[in-house]
Amino acid sequence: MIRLENISKSFEKNEVLKGISVEFDEACTNLVIGQSGSGKTVLLKCLIGMLEPDSGDIWYGEDRFTALDPDQQRTFRQQMGVVFQGGALFDSMTVEENIRLPMDFFTDWPREQKLDRVNFCLGRVQLPGSNKLLPAELSGGMKKRVAIARAIALNPKYLFCDEPNSGLDPQTAIVIDNLIHEITLEFNITTVINTHDMNSVMEIGDKILFLSDGLTCWEGTREEILRSDNKVLNDFVFASELMKKFK
Amino acid sequence: MGILNSLGKYIVFVTKIFSKPEKHKIYFRQVFKEIDKLGVSSIGIVAIISFFIGMVVIIHMTFNMGNPLIPTYYMAYITRDVLVLEFSSTVLCLILAGKIGSNISSEIGTMRVTEQIDALETMGINSAAYLVLPKMIGMVIVTPILVLLSIFIGLIGGWIVSLSGHLMTGADYIQGIRHGFDSYLVLYTVIKSAMFAFLITSISAFYGYYSKGGALDVGRSSTLAVSYSMIMILVSNYLITQIMLG
Ligand SMILES: Nc1ncnc2c1ncn2[C@@H]1O[C@H](COP(=O)(O)OP(=O)(O)OP(=O)(O)O)[C@@H](O)[C@H]1O
Ligand SMILES: [Mg+2]
(Lines give C-alpha, C1' and ligand atoms only; values in the text may rest on other atoms or scores of the structure.)
(Ligands and ions follow the chains in the order given, each with its own letter.)
Protein backbone atom coordinates (compact mmCIF):
# COMPACT_ATOMS: atom_id res chain seq x y z
CA MET A 1 0.00 0.00 0.00
CA ILE A 2 1.18 3.51 -0.81
CA ARG A 3 -0.23 6.47 1.08
CA LEU A 4 0.22 10.11 0.10
CA GLU A 5 -0.46 12.80 2.63
CA ASN A 6 -0.95 16.33 1.44
CA ILE A 7 1.68 16.30 -1.29
CA SER A 8 2.40 19.67 -2.85
CA LYS A 9 4.98 20.63 -5.42
CA SER A 10 5.63 23.89 -7.24
CA PHE A 11 8.15 24.98 -9.83
CA GLU A 12 8.91 28.61 -9.03
CA LYS A 13 5.49 30.31 -9.38
CA ASN A 14 3.80 27.33 -11.01
CA GLU A 15 1.89 25.38 -8.36
CA VAL A 16 1.51 21.96 -9.94
CA LEU A 17 0.32 19.86 -7.00
CA LYS A 18 -1.61 21.61 -4.24
CA GLY A 19 -2.00 18.99 -1.54
CA ILE A 20 -2.81 15.54 -2.84
CA SER A 21 -3.86 12.84 -0.36
CA VAL A 22 -4.66 9.38 -1.58
CA GLU A 23 -4.10 5.69 -0.90
CA PHE A 24 -3.06 3.17 -3.54
CA ASP A 25 -3.85 -0.43 -2.64
CA GLU A 26 -1.99 -3.67 -3.07
CA ALA A 27 -2.87 -6.04 -5.93
CA CYS A 28 -4.78 -3.19 -7.45
CA THR A 29 -4.31 -1.22 -10.66
CA ASN A 30 -4.51 2.40 -9.64
CA LEU A 31 -4.98 4.88 -12.44
CA VAL A 32 -4.16 8.56 -12.32
CA ILE A 33 -5.99 10.46 -15.02
CA GLY A 34 -6.14 14.11 -15.89
CA GLN A 35 -5.54 16.57 -18.68
CA SER A 36 -2.16 16.99 -20.27
CA GLY A 37 -0.17 19.25 -17.95
CA SER A 38 -2.28 18.46 -14.91
CA GLY A 39 0.72 17.11 -13.01
CA LYS A 40 0.47 13.34 -13.42
CA THR A 41 4.12 12.92 -14.28
CA VAL A 42 5.15 15.27 -11.47
CA LEU A 43 3.10 13.23 -8.99
CA LEU A 44 4.69 10.00 -10.21
CA LYS A 45 8.17 11.47 -9.95
CA CYS A 46 7.45 12.53 -6.38
CA LEU A 47 6.31 8.99 -5.62
CA ILE A 48 9.57 7.46 -6.83
CA GLY A 49 11.76 10.15 -5.32
CA MET A 50 12.94 11.73 -8.56
CA LEU A 51 11.38 14.99 -7.41
CA GLU A 52 11.20 16.10 -3.81
CA PRO A 53 7.74 17.29 -2.78
CA ASP A 54 7.70 20.75 -1.16
CA SER A 55 5.54 19.39 1.64
CA GLY A 56 3.66 16.27 2.58
CA ASP A 57 4.56 12.67 3.25
CA ILE A 58 4.71 9.47 1.24
CA TRP A 59 4.35 6.14 3.00
CA TYR A 60 5.15 2.76 1.51
CA GLY A 61 3.45 0.40 3.90
CA GLU A 62 5.04 1.25 7.23
CA ASP A 63 8.04 3.04 5.70
CA ARG A 64 8.00 6.79 5.47
CA PHE A 65 9.70 7.26 2.11
CA THR A 66 9.98 11.04 2.39
CA ALA A 67 12.01 10.69 5.59
CA LEU A 68 14.74 8.59 3.94
CA ASP A 69 17.97 10.18 2.72
CA PRO A 70 18.81 9.91 -1.01
CA ASP A 71 20.98 6.80 -0.56
CA GLN A 72 18.30 5.01 1.46
CA GLN A 73 15.68 6.04 -1.07
CA ARG A 74 17.82 4.56 -3.83
CA THR A 75 18.12 1.27 -2.00
CA PHE A 76 14.40 1.29 -1.33
CA ARG A 77 13.77 1.70 -5.05
CA GLN A 78 15.13 -1.77 -5.72
CA GLN A 79 11.57 -2.89 -4.97
CA MET A 80 10.13 -0.61 -7.64
CA GLY A 81 9.74 -0.94 -11.36
CA VAL A 82 9.28 2.25 -13.33
CA VAL A 83 8.25 2.80 -16.93
CA PHE A 84 8.99 6.37 -18.00
CA GLN A 85 6.85 8.29 -20.42
CA GLY A 86 9.60 8.20 -23.06
CA GLY A 87 10.74 4.67 -22.28
CA ALA A 88 14.22 5.75 -21.12
CA LEU A 89 15.98 2.69 -22.51
CA PHE A 90 19.77 2.75 -22.33
CA ASP A 91 20.63 3.41 -25.94
CA SER A 92 24.13 2.02 -25.85
CA MET A 93 22.81 -1.38 -24.75
CA THR A 94 20.83 -4.06 -26.56
CA VAL A 95 17.31 -4.99 -25.48
CA GLU A 96 18.69 -7.98 -23.61
CA GLU A 97 21.32 -5.93 -21.79
CA ASN A 98 18.69 -3.35 -20.86
CA ILE A 99 16.51 -5.95 -19.19
CA ARG A 100 19.46 -7.77 -17.65
CA LEU A 101 21.05 -4.72 -16.04
CA PRO A 102 19.04 -4.82 -12.81
CA MET A 103 19.73 -8.56 -12.55
CA ASP A 104 23.45 -7.97 -13.05
CA PHE A 105 23.39 -5.50 -10.21
CA PHE A 106 21.09 -7.09 -7.69
CA THR A 107 21.16 -10.85 -8.18
CA ASP A 108 23.81 -13.53 -8.16
CA TRP A 109 21.99 -15.61 -10.74
CA PRO A 110 24.04 -17.57 -13.23
CA ARG A 111 24.04 -16.44 -16.86
CA GLU A 112 21.42 -18.91 -18.07
CA GLN A 113 18.97 -17.98 -15.36
CA LYS A 114 19.27 -14.30 -16.26
CA LEU A 115 18.77 -15.13 -19.91
CA ASP A 116 15.70 -17.23 -19.06
CA ARG A 117 14.26 -14.36 -17.11
CA VAL A 118 14.99 -11.89 -19.95
CA ASN A 119 13.26 -14.19 -22.42
CA PHE A 120 10.34 -14.66 -20.06
CA CYS A 121 9.88 -10.89 -19.69
CA LEU A 122 10.19 -10.35 -23.44
CA GLY A 123 7.62 -13.06 -23.97
CA ARG A 124 5.23 -11.34 -21.59
CA VAL A 125 5.38 -8.15 -23.65
CA GLN A 126 5.13 -10.12 -26.89
CA LEU A 127 8.59 -9.33 -28.17
CA PRO A 128 10.28 -12.72 -28.15
CA GLY A 129 13.55 -12.91 -30.04
CA SER A 130 14.33 -9.21 -30.05
CA ASN A 131 17.22 -9.71 -27.61
CA LYS A 132 19.99 -8.38 -29.80
CA LEU A 133 18.27 -5.25 -31.14
CA LEU A 134 19.35 -1.79 -30.07
CA PRO A 135 16.75 0.74 -28.86
CA ALA A 136 17.37 2.84 -31.99
CA GLU A 137 16.13 -0.10 -34.06
CA LEU A 138 12.79 -0.34 -32.24
CA SER A 139 9.50 1.40 -32.97
CA GLY A 140 8.00 3.67 -30.31
CA GLY A 141 5.59 0.99 -29.12
CA MET A 142 8.30 -1.65 -29.00
CA LYS A 143 10.41 0.67 -26.84
CA LYS A 144 7.50 1.02 -24.42
CA ARG A 145 7.15 -2.73 -24.21
CA VAL A 146 10.85 -3.27 -23.61
CA ALA A 147 10.65 -0.64 -20.88
CA ILE A 148 7.83 -2.64 -19.28
CA ALA A 149 9.82 -5.84 -19.59
CA ARG A 150 12.73 -4.12 -17.88
CA ALA A 151 10.51 -2.77 -15.11
CA ILE A 152 9.14 -6.22 -14.23
CA ALA A 153 12.52 -7.97 -14.54
CA LEU A 154 12.98 -8.33 -10.79
CA ASN A 155 9.35 -8.85 -9.74
CA PRO A 156 8.87 -5.44 -8.19
CA LYS A 157 6.54 -4.83 -5.27
CA TYR A 158 5.55 -1.48 -6.70
CA LEU A 159 5.10 -0.74 -10.38
CA PHE A 160 4.80 2.76 -11.85
CA CYS A 161 3.96 3.38 -15.47
CA ASP A 162 3.78 6.79 -17.08
CA GLU A 163 1.48 6.51 -20.07
CA PRO A 164 2.40 2.89 -20.84
CA ASN A 165 0.17 2.70 -23.90
CA SER A 166 0.30 6.13 -25.46
CA GLY A 167 1.51 5.78 -29.03
CA LEU A 168 0.36 2.18 -29.33
CA ASP A 169 -2.33 0.84 -31.63
CA PRO A 170 -5.58 -0.02 -29.80
CA GLN A 171 -4.91 -3.74 -29.97
CA THR A 172 -1.40 -3.59 -28.51
CA ALA A 173 -2.62 -1.03 -25.98
CA ILE A 174 -5.14 -3.53 -24.65
CA VAL A 175 -2.52 -6.26 -24.57
CA ILE A 176 -0.24 -4.01 -22.52
CA ASP A 177 -3.07 -2.96 -20.21
CA ASN A 178 -4.05 -6.54 -19.58
CA LEU A 179 -0.45 -7.55 -19.09
CA ILE A 180 0.04 -4.93 -16.40
CA HIS A 181 -3.28 -5.86 -14.82
CA GLU A 182 -2.40 -9.56 -14.79
CA ILE A 183 1.00 -9.20 -13.23
CA THR A 184 -0.44 -6.80 -10.70
CA LEU A 185 -2.84 -9.49 -9.49
CA GLU A 186 -0.40 -12.35 -9.95
CA PHE A 187 2.38 -10.88 -7.82
CA ASN A 188 0.33 -8.64 -5.53
CA ILE A 189 1.96 -5.54 -6.93
CA THR A 190 0.81 -2.05 -6.05
CA THR A 191 0.56 -0.53 -9.49
CA VAL A 192 0.14 3.14 -10.34
CA ILE A 193 -0.48 4.10 -13.94
CA ASN A 194 -0.73 7.55 -15.49
CA THR A 195 -2.95 7.58 -18.52
CA HIS A 196 -5.35 9.57 -20.65
CA ASP A 197 -6.65 6.50 -22.38
CA MET A 198 -10.33 6.04 -21.47
CA ASN A 199 -10.14 2.53 -22.80
CA SER A 200 -7.63 1.63 -20.08
CA VAL A 201 -9.83 3.28 -17.50
CA MET A 202 -12.77 1.08 -18.47
CA GLU A 203 -10.67 -2.08 -18.86
CA ILE A 204 -8.42 -2.13 -15.84
CA GLY A 205 -9.14 0.83 -13.54
CA ASP A 206 -9.59 -0.76 -10.12
CA LYS A 207 -9.15 2.63 -8.55
CA ILE A 208 -9.13 5.91 -10.38
CA LEU A 209 -7.77 9.25 -9.27
CA PHE A 210 -8.74 12.27 -11.35
CA LEU A 211 -6.35 15.21 -11.05
CA SER A 212 -7.47 18.68 -11.96
CA ASP A 213 -5.94 22.02 -11.03
CA GLY A 214 -3.39 20.34 -8.77
CA LEU A 215 -6.07 18.79 -6.59
CA THR A 216 -7.76 15.41 -6.36
CA CYS A 217 -10.92 16.30 -8.18
CA TRP A 218 -12.52 12.89 -7.95
CA GLU A 219 -11.65 9.33 -6.93
CA GLY A 220 -13.50 6.06 -7.26
CA THR A 221 -13.85 2.89 -9.30
CA ARG A 222 -14.56 2.43 -12.99
CA GLU A 223 -18.18 1.58 -12.28
CA GLU A 224 -18.63 4.78 -10.34
CA ILE A 225 -17.03 6.90 -13.03
CA LEU A 226 -19.96 6.28 -15.39
CA ARG A 227 -22.48 7.35 -12.80
CA SER A 228 -20.60 10.29 -11.37
CA ASP A 229 -22.18 13.72 -11.68
CA ASN A 230 -18.91 15.60 -11.19
CA LYS A 231 -18.99 18.19 -13.96
CA VAL A 232 -15.20 18.49 -14.53
CA LEU A 233 -14.80 14.72 -14.55
CA ASN A 234 -17.66 14.25 -16.98
CA ASP A 235 -16.23 16.87 -19.33
CA PHE A 236 -12.95 14.99 -19.30
CA VAL A 237 -14.27 11.44 -19.53
CA PHE A 238 -17.05 12.05 -22.01
CA ALA A 239 -15.14 14.36 -24.31
CA SER A 240 -15.40 11.95 -27.21
CA GLU A 241 -18.61 10.98 -29.04
CA LEU A 242 -17.88 7.33 -28.46
CA MET A 243 -17.75 7.71 -24.70
CA LYS A 244 -20.97 9.76 -24.74
CA LYS A 245 -22.69 6.92 -26.55
CA PHE A 246 -21.17 4.52 -24.07
CA LYS A 247 -22.82 6.40 -21.24
CA MET B 1 28.61 32.94 -4.93
CA GLY B 2 27.76 31.04 -8.12
CA ILE B 3 31.28 29.67 -8.29
CA LEU B 4 31.23 28.50 -4.67
CA ASN B 5 27.86 26.91 -5.28
CA SER B 6 29.11 24.98 -8.32
CA LEU B 7 32.27 23.98 -6.48
CA GLY B 8 30.22 22.56 -3.62
CA LYS B 9 27.98 20.70 -6.03
CA TYR B 10 31.06 19.37 -7.84
CA ILE B 11 32.57 18.05 -4.61
CA VAL B 12 29.30 16.34 -3.67
CA PHE B 13 29.22 14.83 -7.15
CA VAL B 14 32.76 13.47 -6.87
CA THR B 15 32.03 11.88 -3.49
CA LYS B 16 28.95 10.30 -5.06
CA ILE B 17 31.15 8.79 -7.77
CA PHE B 18 33.38 7.16 -5.18
CA SER B 19 30.68 5.96 -2.81
CA LYS B 20 30.48 2.18 -2.47
CA PRO B 21 30.50 0.61 -5.93
CA GLU B 22 27.80 -2.07 -5.86
CA LYS B 23 29.25 -4.86 -7.96
CA HIS B 24 32.94 -4.88 -8.76
CA LYS B 25 32.57 -7.26 -11.67
CA ILE B 26 30.32 -4.90 -13.60
CA TYR B 27 32.65 -1.98 -13.01
CA PHE B 28 35.68 -4.01 -14.02
CA ARG B 29 34.12 -4.86 -17.38
CA GLN B 30 33.10 -1.25 -17.95
CA VAL B 31 36.64 0.00 -17.30
CA PHE B 32 37.96 -2.04 -20.23
CA LYS B 33 35.19 -0.74 -22.48
CA GLU B 34 36.04 2.82 -21.53
CA ILE B 35 39.77 2.34 -22.03
CA ASP B 36 38.95 1.18 -25.52
CA LYS B 37 36.38 3.86 -26.23
CA LEU B 38 38.20 6.85 -24.77
CA GLY B 39 41.86 5.83 -24.84
CA VAL B 40 42.56 3.51 -27.72
CA SER B 41 40.44 5.62 -30.05
CA SER B 42 42.65 8.62 -29.26
CA ILE B 43 45.94 6.99 -30.25
CA GLY B 44 45.63 8.22 -33.85
CA ILE B 45 45.18 11.88 -33.02
CA VAL B 46 47.87 11.73 -30.33
CA ALA B 47 50.33 10.18 -32.79
CA ILE B 48 49.68 12.71 -35.56
CA ILE B 49 49.86 15.76 -33.32
CA SER B 50 52.95 14.60 -31.46
CA PHE B 51 54.80 13.66 -34.62
CA PHE B 52 54.28 17.07 -36.20
CA ILE B 53 54.99 19.01 -33.03
CA GLY B 54 58.23 17.07 -32.57
CA MET B 55 59.27 18.01 -36.08
CA VAL B 56 58.38 21.67 -35.69
CA VAL B 57 59.94 22.14 -32.27
CA ILE B 58 63.38 21.03 -33.35
CA ILE B 59 63.24 23.32 -36.39
CA HIS B 60 62.29 26.24 -34.14
CA MET B 61 65.05 25.49 -31.68
CA THR B 62 67.67 25.32 -34.40
CA PHE B 63 66.35 28.43 -36.11
CA ASN B 64 66.18 30.55 -32.97
CA MET B 65 69.13 29.27 -30.97
CA GLY B 66 71.41 27.89 -33.62
CA ASN B 67 74.74 29.48 -32.73
CA PRO B 68 78.33 28.29 -33.19
CA LEU B 69 78.85 28.64 -29.45
CA ILE B 70 76.06 26.19 -28.56
CA PRO B 71 76.63 22.54 -29.39
CA THR B 72 74.02 21.27 -31.88
CA TYR B 73 72.97 18.37 -29.66
CA TYR B 74 71.52 20.99 -27.29
CA MET B 75 68.66 21.50 -29.76
CA ALA B 76 67.61 17.86 -29.34
CA TYR B 77 68.03 18.18 -25.59
CA ILE B 78 65.70 21.19 -25.46
CA THR B 79 63.20 19.51 -27.76
CA ARG B 80 63.09 16.55 -25.40
CA ASP B 81 62.43 18.77 -22.43
CA VAL B 82 59.71 20.69 -24.25
CA LEU B 83 58.01 17.41 -25.00
CA VAL B 84 58.46 15.79 -21.61
CA LEU B 85 57.73 18.82 -19.45
CA GLU B 86 54.90 20.58 -21.18
CA PHE B 87 53.83 19.57 -24.63
CA SER B 88 53.13 15.86 -24.22
CA SER B 89 51.42 16.28 -20.92
CA THR B 90 49.76 19.68 -20.65
CA VAL B 91 49.13 20.61 -24.27
CA LEU B 92 48.15 17.09 -25.20
CA CYS B 93 45.72 16.91 -22.29
CA LEU B 94 44.20 20.24 -23.36
CA ILE B 95 43.55 18.63 -26.72
CA LEU B 96 42.16 15.50 -25.07
CA ALA B 97 39.92 17.71 -22.94
CA GLY B 98 38.35 18.88 -26.17
CA LYS B 99 37.96 15.45 -27.68
CA ILE B 100 37.21 13.26 -24.68
CA GLY B 101 35.65 15.90 -22.44
CA SER B 102 32.97 16.80 -24.97
CA ASN B 103 32.36 13.12 -25.63
CA ILE B 104 31.83 12.32 -21.94
CA SER B 105 29.70 15.34 -21.23
CA SER B 106 27.40 14.92 -24.22
CA GLU B 107 27.00 11.19 -23.60
CA ILE B 108 26.03 11.69 -19.96
CA GLY B 109 24.00 14.82 -20.75
CA THR B 110 21.94 12.93 -23.31
CA MET B 111 21.32 10.20 -20.77
CA ARG B 112 20.11 12.87 -18.36
CA VAL B 113 17.65 14.58 -20.69
CA THR B 114 16.23 11.28 -21.99
CA GLU B 115 15.64 10.15 -18.38
CA GLN B 116 18.11 7.27 -18.63
CA ILE B 117 19.83 8.51 -15.48
CA ASP B 118 16.48 8.59 -13.69
CA ALA B 119 15.87 5.06 -14.93
CA LEU B 120 19.17 3.92 -13.37
CA GLU B 121 18.32 5.64 -10.11
CA THR B 122 14.84 4.11 -10.02
CA MET B 123 16.41 0.68 -10.38
CA GLY B 124 18.40 1.48 -7.28
CA ILE B 125 21.71 1.92 -9.11
CA ASN B 126 24.09 4.71 -8.11
CA SER B 127 24.07 6.38 -11.52
CA ALA B 128 27.02 8.69 -10.88
CA ALA B 129 29.26 5.82 -9.82
CA TYR B 130 28.08 3.48 -12.56
CA LEU B 131 28.47 6.02 -15.34
CA VAL B 132 31.54 7.93 -14.25
CA LEU B 133 33.80 5.71 -12.18
CA PRO B 134 34.72 3.34 -15.04
CA LYS B 135 35.48 6.31 -17.30
CA MET B 136 37.59 7.88 -14.61
CA ILE B 137 39.61 4.77 -13.83
CA GLY B 138 40.02 4.09 -17.53
CA MET B 139 41.22 7.62 -18.23
CA VAL B 140 43.62 7.74 -15.29
CA ILE B 141 45.21 4.53 -16.56
CA VAL B 142 45.29 5.35 -20.23
CA THR B 143 46.23 9.05 -20.27
CA PRO B 144 49.75 8.64 -18.86
CA ILE B 145 50.31 5.91 -21.44
CA LEU B 146 49.15 8.23 -24.21
CA VAL B 147 51.48 10.90 -22.85
CA LEU B 148 54.49 8.58 -22.88
CA LEU B 149 53.55 7.52 -26.38
CA SER B 150 53.35 11.16 -27.38
CA ILE B 151 56.87 11.84 -26.06
CA PHE B 152 58.20 8.87 -27.98
CA ILE B 153 56.51 9.79 -31.25
CA GLY B 154 57.45 13.45 -30.87
CA LEU B 155 61.09 12.47 -30.48
CA ILE B 156 60.86 10.32 -33.60
CA GLY B 157 59.42 13.31 -35.47
CA GLY B 158 62.31 15.45 -34.28
CA TRP B 159 64.81 12.81 -35.24
CA ILE B 160 63.46 12.48 -38.79
CA VAL B 161 63.60 16.25 -39.35
CA SER B 162 67.10 16.60 -37.90
CA LEU B 163 68.36 14.03 -40.35
CA SER B 164 66.34 15.04 -43.40
CA GLY B 165 66.94 18.76 -42.80
CA HIS B 166 70.63 18.20 -41.99
CA LEU B 167 70.21 19.93 -38.63
CA MET B 168 72.52 17.49 -36.86
CA THR B 169 73.79 13.95 -37.12
CA GLY B 170 71.84 11.02 -35.73
CA ALA B 171 74.50 10.55 -33.08
CA ASP B 172 74.17 14.18 -31.98
CA TYR B 173 70.43 13.80 -31.75
CA ILE B 174 70.68 10.71 -29.59
CA GLN B 175 73.28 12.39 -27.40
CA GLY B 176 70.96 15.37 -27.08
CA ILE B 177 67.89 13.50 -26.02
CA ARG B 178 69.91 11.54 -23.45
CA HIS B 179 71.69 14.61 -22.11
CA GLY B 180 71.06 15.17 -18.41
CA PHE B 181 68.11 12.79 -18.44
CA ASP B 182 66.32 12.69 -15.12
CA SER B 183 63.64 10.04 -14.65
CA TYR B 184 62.02 12.24 -11.98
CA LEU B 185 60.78 14.44 -14.81
CA VAL B 186 59.03 11.49 -16.39
CA LEU B 187 57.44 10.72 -13.06
CA TYR B 188 56.38 14.38 -12.85
CA THR B 189 54.77 14.14 -16.26
CA VAL B 190 52.99 10.88 -15.47
CA ILE B 191 51.57 12.23 -12.21
CA LYS B 192 50.54 15.43 -13.92
CA SER B 193 48.72 13.66 -16.71
CA ALA B 194 46.91 11.31 -14.33
CA MET B 195 45.73 14.42 -12.48
CA PHE B 196 44.57 15.99 -15.74
CA ALA B 197 42.71 12.80 -16.63
CA PHE B 198 40.88 12.98 -13.33
CA LEU B 199 39.94 16.60 -13.95
CA ILE B 200 38.77 16.05 -17.53
CA THR B 201 36.54 13.12 -16.57
CA SER B 202 35.07 14.54 -13.41
CA ILE B 203 34.41 18.05 -14.75
CA SER B 204 32.94 16.83 -18.04
CA ALA B 205 30.80 14.23 -16.31
CA PHE B 206 29.66 16.87 -13.82
CA TYR B 207 28.41 19.24 -16.52
CA GLY B 208 26.75 16.38 -18.41
CA TYR B 209 25.13 14.95 -15.30
CA TYR B 210 23.49 18.22 -14.34
CA SER B 211 22.24 19.11 -17.82
CA LYS B 212 18.58 19.86 -17.93
CA GLY B 213 16.19 20.65 -20.71
CA GLY B 214 16.93 19.24 -24.13
CA ALA B 215 19.57 18.76 -26.78
CA LEU B 216 20.42 22.46 -26.75
CA ASP B 217 21.38 22.31 -23.12
CA VAL B 218 23.48 19.19 -23.67
CA GLY B 219 25.47 21.16 -26.25
CA ARG B 220 25.88 24.06 -23.86
CA SER B 221 27.01 21.73 -21.07
CA SER B 222 29.68 20.18 -23.21
CA THR B 223 31.03 23.61 -24.17
CA LEU B 224 31.22 24.54 -20.48
CA ALA B 225 32.73 21.16 -19.66
CA VAL B 226 35.57 21.65 -22.14
CA SER B 227 36.25 25.26 -21.09
CA TYR B 228 36.38 24.48 -17.39
CA SER B 229 38.43 21.32 -17.89
CA MET B 230 40.99 23.38 -19.79
CA ILE B 231 41.14 26.11 -17.17
CA MET B 232 41.51 23.59 -14.37
CA ILE B 233 44.23 21.74 -16.28
CA LEU B 234 46.22 24.96 -16.56
CA VAL B 235 45.72 25.90 -12.90
CA SER B 236 46.65 22.46 -11.61
CA ASN B 237 49.60 22.35 -14.00
CA TYR B 238 50.97 25.41 -12.28
CA LEU B 239 50.32 23.97 -8.81
CA ILE B 240 51.88 20.56 -9.50
CA THR B 241 54.88 22.16 -11.18
CA GLN B 242 55.37 24.49 -8.24
CA ILE B 243 55.18 21.58 -5.82
CA MET B 244 57.29 19.06 -7.71
CA LEU B 245 59.85 21.27 -9.44
CA GLY B 246 59.60 24.70 -7.80
N1 LIG C 1 11.11 19.99 -14.18
C2 LIG C 1 10.12 20.90 -14.30
N3 LIG C 1 10.40 22.21 -14.17
C4 LIG C 1 9.43 23.14 -14.28
N5 LIG C 1 8.15 22.86 -14.51
C6 LIG C 1 7.80 21.57 -14.66
C7 LIG C 1 8.77 20.52 -14.57
N8 LIG C 1 8.14 19.35 -14.76
C9 LIG C 1 6.85 19.64 -14.96
N10 LIG C 1 6.63 20.97 -14.91
C11 LIG C 1 5.32 21.64 -15.04
O12 LIG C 1 4.39 20.90 -14.31
C13 LIG C 1 3.16 20.85 -14.97
C14 LIG C 1 2.67 19.41 -15.03
O15 LIG C 1 3.51 18.65 -15.85
P16 LIG C 1 3.38 17.08 -16.00
O17 LIG C 1 4.52 16.64 -16.84
O18 LIG C 1 3.24 16.47 -14.67
O19 LIG C 1 2.02 16.93 -16.80
P20 LIG C 1 1.28 15.57 -17.18
O21 LIG C 1 -0.01 15.56 -16.44
O22 LIG C 1 2.19 14.42 -17.00
O23 LIG C 1 0.98 15.82 -18.72
P24 LIG C 1 1.03 14.76 -19.93
O25 LIG C 1 -0.25 14.01 -19.85
O26 LIG C 1 1.06 15.64 -21.13
O27 LIG C 1 2.22 13.92 -19.77
C28 LIG C 1 3.35 21.49 -16.33
O29 LIG C 1 2.76 22.74 -16.28
C30 LIG C 1 4.84 21.62 -16.47
O31 LIG C 1 5.13 22.83 -17.11
MG1 LIG D 1 3.19 13.11 -18.25
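The values are calculated or read from the model by the stated rules, or taken from the named source; none is laboratory data. Quick caveat, the model's predicted, so the values are computed rather than measured. Quick reminder, even Gly has a Cβ in these numbers, built from the backbone with ideal geometry, and neighbours come from all protein chains shown. For the accessible areas, the whole protein counts, side chains as well, though only heavy atoms, and no ligand, DNA or RNA atoms are used. Shrake-Rupley method; radii C 1.70, N 1.55, O 1.52, S 1.80 Å.
In terms of the Cα gyration tensor, with a ≥ b ≥ c the square roots of its eigenvalues, is the stretch A:149-215 rounded because a/c is under 1.5, prolate because a/b exceeds b/c, or oblate?
oblate
From other protein chains only, count the Cβ atoms within 10 Å of every residue's Cβ in A:96-104, then give the mean.
Shielding by partners across A:96-104 averages 2.
So how much accessible surface do B and A hide from each other in total, probe 1.4 Å, in square angstrom to the nearest 100?
Buried area (both sides, nearest 100 Å²): 2000 Å².
Largest first, how would A:D104, A:D69, B:D172 line up by accessible area (1.4 Å probe)?
A:D69, B:D172, A:D104
Please work out whether chain A counts as rounded, prolate or oblate from its C-alpha gyration tensor, where a ≥ b ≥ c are the square roots of the eigenvalues and a/c under 1.5 means rounded, while otherwise a/b larger than b/c means prolate and anything else oblate?
Here chain A falls in the oblate category.
Let me make sure I get this right: for the stretch A:77-141, a, b and c are the square roots of the gyration tensor eigenvalues over alpha carbons, sorted descending. Under 1.5 in a/c it's rounded, otherwise prolate if a/b > b/c, else oblate. Which is it?
Oblate, since a/c reaches 1.5 and b/c is not below a/b.
Within a Cβ distance under 13 Å of A:L138, other residues only, what is the Lys/Arg minus Asp/Glu net charge?
+2
Return the subset of A:K40/B:K16; A:K45/B:K212; A:K18/A:K157; A:K45/B:K23; B:K9/B:K37 for which the Cα-Cα distance in this structure is over 20 Å, preserving the input order.
Distance filter (> 20 Å) returns A:K40/B:K16; A:K18/A:K157; A:K45/B:K23; B:K9/B:K37.
Compute the FRET efficiency between B:R220 and B:T169 as 1/(1 + (r/R0)^6), taking r as their Cβ-Cβ distance and R0 = 51 Å, and round to the nearest 0.05.
Efficiency for this residue pair is about 0.45.
Give me the inter-chain shielding for A:70-82: mean count of other chain Cβ atoms within 10 Å, whole number please.
Other-chain Cβ atoms within 10 Å of each residue's Cβ, averaged: 3.
What order do you get for B:160-166, B:215-221, B:178-184 when each peptide is scored by the mean count of other beta carbon atoms within 10 Å, highest first?
Those peptides, ordered most packed to least, come out B:215-221, B:160-166, B:178-184.
If contacts are Cα pairs under 8 angstrom and at least 6 residues apart, what is the relative contact order of the stretch B:71-161 in percent?
Computed over the stretch B:71-161, the figure is 52 percent.
So which helices of chain B fit the span-like rule, where a helix is a whole DSSP H run, its Cα atoms reach 20 Å or more along the axis, and its mean Kyte-Doolittle is at least 1.0?
B:2-18, B:43-65, B:127-164, B:183-209, B:215-245
Probe 1.4 Å, all protein chains in place: accessible area of A:R124 in Å², nearest 10?
Rounded to the nearest 10, the figure is 50 Å².
Helix A:170-186 against the longest principal axis of chain A: what's the angle in degrees, Cα atoms only, rounded to the nearest 10?
Helix A:170-186 sits at roughly 80 degrees to that axis.
Nearest 10 degrees, 0 to 90: what angle lies between the long axis of helix A:111-124 and the longest principal axis of chain A (Cα atoms)?
40 degrees
Roughly how many Å² of B:M61 are accessible to a 1.4 Å probe, to the nearest 10?
Approximately 40 Å² of B:M61 is accessible to the 1.4 Å probe.
Please give the average number of partner chain Cβ atoms lying within 10 Å of the Cβ of each residue in A:87-94, rounded to a whole number.
What the average comes to for A:87-94 is 4.
I want to check the label-to-label distance for A:S240 and A:E224. Put each point 7 Å from Cα in the C-beta direction and report it in nm to one decimal.
In this crude label model, A:S240 to A:E224 measures out at 2.4 nm.
Using only Cα positions of the protein assembly as shown, each an equal point scatterer, no hydration layer, compute I(q)/I(0) via Debye at q = 0.11, 0.12 Å⁻¹ and quote the log10 values to two decimals.
Once normalised to I(0) and log-transformed, intensities are -0.94, -1.05.
When chain A is modelled as a GNM with alpha-carbon springs shorter than 10 Å, which of A:L47, A:L133, A:L215 fluctuates the most?
A:L133
Among B:S162, B:H60, B:S221, flag the residue with its Cα farthest along the positive direction of the charge dipole of the stretch B:24-245, charges on Cβ as +1 for Lys/Arg and -1 for Asp/Glu.
Of the candidates, B:S221 comes out farthest on the positive side.
Quick one: Karplus J couplings for the stretch A:17-25, per residue in order, coefficients 6.51, -1.76, 1.60, θ = phi - 60°, nearest Hz, x for Gly and Pro?
Here the 3J(HN,Hα) series is 10, 10, x, 9, 10, 6, 10, 10, 8 Hz.
Using a 1.4 angstrom probe, figure out how much accessible area chain B has per residue, in square angstrom, rounded to the nearest whole.
46 Å²
Would you kindly compute the Cα radius of gyration of the stretch B:148-246 and its largest Cα-Cα separation (Dmax), both in Å?
That works out to 19.5, 60 Å for Rg and Dmax.
Averaging sequence separations of C-alpha pairs under 8 Å and six or more residues apart, then dividing by the length of chain A, give the relative contact order as a whole percent.
Once normalised by length, the contact order is 28 percent.
By accessible area of protein heavy atoms, probe 1.4 Å, what ranking do A:F160, A:F120, B:F51 get, highest first?
A:F120, B:F51, A:F160
Return, for the Cα atoms of the stretch B:24-245, the radius of gyration and Dmax in Å, separated by a comma.
My reading of the Cα-based Rg and Dmax gives 20.3, 72 Å.
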